[in-house]
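Read the structure below first, then the notes.
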Amino acid sequence: MAPNSENRSEIEKRIDIIEDDIAKINPRLLKLLLKDKTTGKNILWCTKDYEEYGPEYDEHSQIFVELITCGNSRVIQPRAAKAKAVQEMRIRKRAEVFTPSWICNAQNNQVDEAWFGRLNVFNTPNGTRWITSSGNIEFFDKKKTWQAYVDAKRLEITCGEAPYLVSRYDTTTGDLVPIYERIGLFDRKMRVVNENCTDDESWIKWSKRALQSVYGYEFQGDSVLIARENLLYDYIDYYKGRFNEEPTFEFLKEIANIIVWNIWQMDGLKCVVPYSCHETENTNYQITLFDNIEEKGTNPCPGCEKNDLLSHNGIYCRVFDWTNLKKSIPFVSLLQGGMKHGKI
Ligand SMILES: C[S@@+](CC[C@H](N)C(=O)[O-])C[C@H]1O[C@@H](n2cnc3c(N)ncnc32)[C@H](O)[C@@H]1O
């Protein structure tokens, strides 16, 4: 039986985005957050952790709204609120170790150091915390404008709950982080948007572009959903900070659509939808030793057999290029350029 929403621990109350709350804004919003843009179906569980709740929770099955709302609203919880035994099992199975926010911050600072050509632009690390820099972020280089910073593409590979992209809460302690102290790659872009967009129209335009520029992929379906929820709630925090009111459902639908494209479910070792590679029937019938007995065989997926990224027969995941091509492309095509310099 699924856990009910009573008797939630303090940590859960602080950080767990209850799927019922999203459904309350509008059930269509949660439905959208569960979509897989490549297949047009829903994302899959891709973890055995929930199989005890029934056959619909099988790792190969899609996640549906009714499986995670109402009596089932506590089924999906962020890692920091999961039981220790479940955390340990997920470490063994999928190397699921979430990076503490102060380490995400130190590494994100390095990304910015490379971009700005100077140290500690957004904050100065201070042990396991950081001191947020005061004043507006300055852009000195003519080519490196604030707009170029907001548009610069960032990808968190195997993103889990996406702690490098957004830092609403510290992934290890579960403490909520105030918006002006957040250190995610998206949070940094939103600081720049807040500091540079004086009128509401430009704030809306550039906040959407900030969102369109951050990407992440992940194998396990519960983490994909939590990462999407984290981005959505992070965006809502900034929206409310700016306008002092809740965004409308129509607007949230547009925001969720960007998030659902940009945070996607993928087997990162193959660039395909998890479990989509398959055996095919062997069309060359084999004549066996005993003359006219014919045996039908099966062939494995050629990509899996040869560990060749470009010849899988599964469904290659698609990502959306919002700024240049304005259409979706297979994610693997982005890696093909890099392959000219050596096998990935
Ligand atoms: C060490 S955690 C890192 C999560 C997050 N980036 C962080 O720093 O906290 C590794 C993540 O990789 C995911 N993962 C494992 N194998 C994967 C695969 N083949 N494709 C995509 N993600 C995978 C796990 O589910 C897990 O969430």
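Among the residues that make up the stretch 108-115, is at least one of them in contact (Cβ under 8 Å) with a residue 40 or more places away in the chain and either β-branched (Val, Ile, Thr) or within 24 Å of Leu225 (Cβ to Cβ) (or both)?
The answer is yes; a qualifying residue exists.
Test of understanding: among Gly54, Gly71, Gly40, which residue is small (Gly, Ala, Ser), out of contact with any Pro (no Cβ under 6 Å at 6 or more places or on another chain), surrounded by fewer than 17 Cβ atoms within 10 Å (Cβ to Cβ) and at pLDDT below 90?
Result of the check over Gly54, Gly71, Gly40: Gly71.
Any idea which of Ser223, Ser202 is buried (at least 24 other Cβ atoms within 10 Å of the Cβ) and over 27 Å from Ile131 (Cα atoms)?
Exactly one residue qualifies, and that residue is Ser223.
Go through Glu218, Glu138, Glu161 for me and flag whichever is modelled with pLDDT of 95 or more, within 14 Å of the ligand (Cβ to nearest atom), over 15 Å from Asn108 (Cα atoms) and of a type outside the set (A, V, I, L, M).
Of the residues listed, the single one that is modelled with pLDDT of 95 or more, within 14 Å of the ligand (Cβ to nearest atom), over 15 Å from Asn108 (Cα atoms) and of a type outside the set (A, V, I, L, M) is Glu218.
Output the number of residues of the stretch 81-108 satisfying the condition of being part of a loop (DSSP other than H, G, I, E, B) and more than 30 Å from Leu119 (Cβ to Cβ).
Looking only at the stretch 81-108, we keep the residues that are part of a loop (DSSP other than H, G, I, E, B), and these are 82-83, 95-100.
Among the residues that remain, those that are also more than 30 Å from Leu119 (Cβ to Cβ) are: 82-83, 95-96.
Looking only at that region, the number is 4.
Looking only at the stretch 190-220, how many residues end up being within 15 Å of the chain's Cα centre (by Cα) and of a type in the set (Phe, Trp, Tyr)?
Total satisfying the criteria: 3.
Of everything in the stretch 231-276, what is in contact with a Leu (Cβ under 9 Å, 6 or more places away or on another chain), part of a helix (DSSP H, G or I) and charged (D, E, K, R)? Give them in sequence order.
Correct list: Asp234, Lys253.
Which pairs turn up if I take residues in the stretch 270-283 that are closer than 13 Å to Pro302 by Cβ and look for partners that are at pLDDT 95 or above and more than 16 Å from the ligand (Cβ to nearest atom) with beta carbon separation below 8 Å, at least 6 apart in sequence or on another chain?
The qualifying pairs are Cys277/Asn313; His278/Asn313; Glu279/Pro300; Thr280/Asn313.
Rundown of residues vs (1) assigned to a helix (DSSP H, G or I); (2) within 19 Å of the chain's Cα centre (by Cα); (3) closer than 15 Å to Thr99 by Cβ, yes/no style:
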residue	(1), (2), (3)
Asn120	no, no, no
Ile131	no, no, no
Gly135	no, no, no
Ala148	yes, no, no
Ala162	no, yes, yes
Gly174	no, yes, yes
Arg188	yes, yes, no
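Only one of Val260, Val273 is within 15 Å of the ligand (Cβ to nearest atom) and at pLDDT 95 or above. Can you tell me which?
None of the other options fit; the residue is Val273.
Take Glu246 and decide whether it is of a type outside the set (A, V, I, L, M) and in contact (Cβ under 8 Å) with a residue 24 or more places away in the chain. Let's see the steps before the verdict.
Details: of a type outside the set (A, V, I, L, M): yes; in contact (Cβ under 8 Å) with a residue 24 or more places away in the chain: no.
Spelling it out, it is not the case that Glu246 is of a type outside the set (A, V, I, L, M) and in contact (Cβ under 8 Å) with a residue 24 or more places away in the chain.
Filter the stretch 221-244 down to the residues that are within 13 Å of the ligand (Cβ to nearest atom) and small (Gly, Ala, Ser) and list them by number.
Narrowing the stretch 221-244 to residues within 13 Å of the ligand (Cβ to nearest atom): 221-227, 230.
Across the stretch 221-244, the qualifying residues are Gly221, Ser223, Ala227.
Taking the stated definitions as given, is Ala81 of a type in the set (Gly, Ala, Ser), crowded, with 16+ Cβ neighbours inside 10 Å and either over 30 Å from Val192 (Cβ atoms) or away from the ligand (no atom under 12 Å from the Cβ) (or both)?
The answer is yes for Ala81.
Would you be able to say whether some residue in the stretch 205-216 is part of a helix (DSSP H, G or I), touching a Leu at 6+ places or on another chain (Cβ under 6 Å), crowded, with 24+ Cβ neighbours inside 10 Å and touching a residue at least 24 places away in the same chain (Cβ under 8 Å)?
no
Would you be able to tell me the number of residues in the stretch 19-40 that are charged (D, E, K, R), out of contact with any helix residue (DSSP H, G or I) (no Cβ under 6 Å at 6 or more places or on another chain) and outside any helix (DSSP H, G or I)?
So the answer is 1.
Could you please find all residues in the stretch 42-80 being assigned to a helix (DSSP H, G or I), in contact (Cβ under 8 Å) with a residue 24 or more places away in the chain and among the hydrophobic types (A, V, I, L, M, F, W, C)?
Hits for the stretch 42-80 are Val65, Cys70, Ala80.
Among the residues of the stretch 286-306, are any at pLDDT 95 or above and in a strand (DSSP E or B)?
So the first thing to find is which residues in the stretch 286-306 are at pLDDT 95 or above, and the list is 300-306.
Of the ones still in play, those that are also in a strand (DSSP E or B) are none.
No.
The values are calculated or read from the model by the stated rules, or taken from the named source; none is laboratory data. This one's a predicted model, so the numbers in the text were calculated from it and none came from an experiment. As a convention, Cβ positions derive from the backbone with ideal geometry for all residues, glycine included, and neighbour counts pool all protein chains shown.
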